[in-house]
1. Using a Cα-Cα cut-off of under 22 Å, which lysines could be cross-linked to Lys107, ignoring same-chain neighbours fewer than 8 residues away?
2. Counting trypsin sites (Lys or Arg not before Pro) as exposed when in a DSSP loop with at most 12 other beta carbons within 10 Å, what is the longest stretch of the chain free of them?
3. Would you mind calculating the gained length between Arg77 and Ser126 on full extension (0.36 nm times residue separation, minus the Cα-Cα distance), in nm to one decimal?
4. Net charge around Pro111, counting only other residues with Cβ within less than 10 Å of its Cβ (Lys, Arg = +1; Asp, Glu = -1)?
5. Take the alpha carbon atoms of the stretch 125-139, find their center, do the same for the stretch 54-116, and report the distance between the two centers in whole angstrom.
6. Rounded to the nearest 20 debye, what is the charge dipole size of the chain about its Cα centre when +1 sits on each Lys and Arg Cβ and -1 on each Asp and Glu Cβ?
7. Just to confirm my understanding: which cysteines in the chain have no other cysteine beta carbon less than 4.7 Å from their beta carbon?
8. Loop only by DSSP, 16 or fewer other Cβ within 10 Å of the Cβ. Give me the GluC sites (Glu not before Pro) in the stretch 75-115 that pass, ordered by residue number.
Amino acid sequence: MHDIQDCINRVAIQARPLATQGQLAGYIPPLMRVDPSKFGFAVATLDGNVYTAGDADEPFSIQSISKLFALVLASSREGDSLWMRVGRLPSSNQFNSLLELELESGKPRNPFLNPGALVVSDLLYSRNTQMERAVVTLMRELSGNPSINYDTEVAAGEFAFAHRNKAAAYLMKSFNNFNNAVDEVVSAYCAQCAIAASCRDLAVSALFLANAGVDRDGRQILQSRQVQQVCALMMSSGTYEASGETAFSIGLPIKSGVGGGVLAVIPRFGAVCAWSPPLDKTGTSIAAIKAVELFAIEMHKTVFA
Ligand SMILES: NC(=O)CC[C@H](N)C(=O)O
């Protein structure tokens, strides 16, 4: 399996320089202090191996990649009733847009847009007011890394400027699609987004999605039908308005975050995570998405093969 290591070494050399074309996520002040030249890449395979390059063991702010793990929790706990509160449609608007939310009576298009992720957090909060801890616990179990936690400074830094996310929650409350106190849920959501994990942690954590819902320890985290639903949403909405372009150029279920992480699932093979902080206009890391694309092409990994 040396070819995987050779491939990611080459991919890292090619993708890393693209970082100079992007911008850091300025609206979350602590993220402006991250070194923009960081670059990590990890591939976890279902046979139990992990291949890495660069800063693959350095924890970074996973931001919207946390929406994937929150959705996994909500999907396993709520079942199909989840879809009464949030849709499964792609959107051509930005992840924090409120435009469709007003037009579509407070039901967010999908769980990866901020309003959709806030509904998921609201659902989790109704069962557990420390919902961010439940997401941390899930990630610790899936990755086998008990030191995963959220960064309180990043959480507080985002909450201080979370006017738009609070506005989304209040708008949904006006349509009876938000049950708990806005400040409390938005604060828990900011903490969930502030989870710090490495490329290795994330790639290993996502392995169950490549394995019909069964994790490394043989636990059924989701039913295979739910895995299909979550992966379909990653493909159609995981990189927001760029998702069509991402599916066209890569053809894998992918979730990005404004911390610069990009996590991809390769069914029956494994999971890949790349990290480089500078972002494009859609909030996706320029070097990380390119690294995943180069890897997928060179290794012939796409769901359409
Ligand atoms: N796309 C993202 O990573 C956005 C997550 C960020 N915490 C927000 O709510 O805006």
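The values are calculated or read from the model by the stated rules, or taken from the named source; none is laboratory data. Not measured: the values here are computed from a predicted model. FYI the Cβ positions are ideal-geometry reconstructions off the backbone, even for glycines, and counts take in every protein chain you see. When the accessible area is computed, the model is the full protein with side chains, heavy atoms only, and any ligands, DNA or RNA have been set aside. Shrake-Rupley method; radii C 1.70, N 1.55, O 1.52, S 1.80 Å.
1. Leaving aside lysines fewer than 8 places away in the same chain, those within reach of Lys107 are Lys67, Lys166, Lys173, Lys255.
2. Counting only loop sites that pass the neighbour cut-off, the longest clear stretch is 1-218.
3. The span from Arg77 to Ser126 would gain 16.5 nm if fully extended.
4. Combined, the nearby Lys, Arg, Asp and Glu give +4.
5. Answer, in whole Å: 16.
6. The dipole of the chain has a size of about 420 debye.
7. Cysteines lacking a close Cβ partner in the chain: Cys7, Cys190, Cys193, Cys231.
8. Glu104
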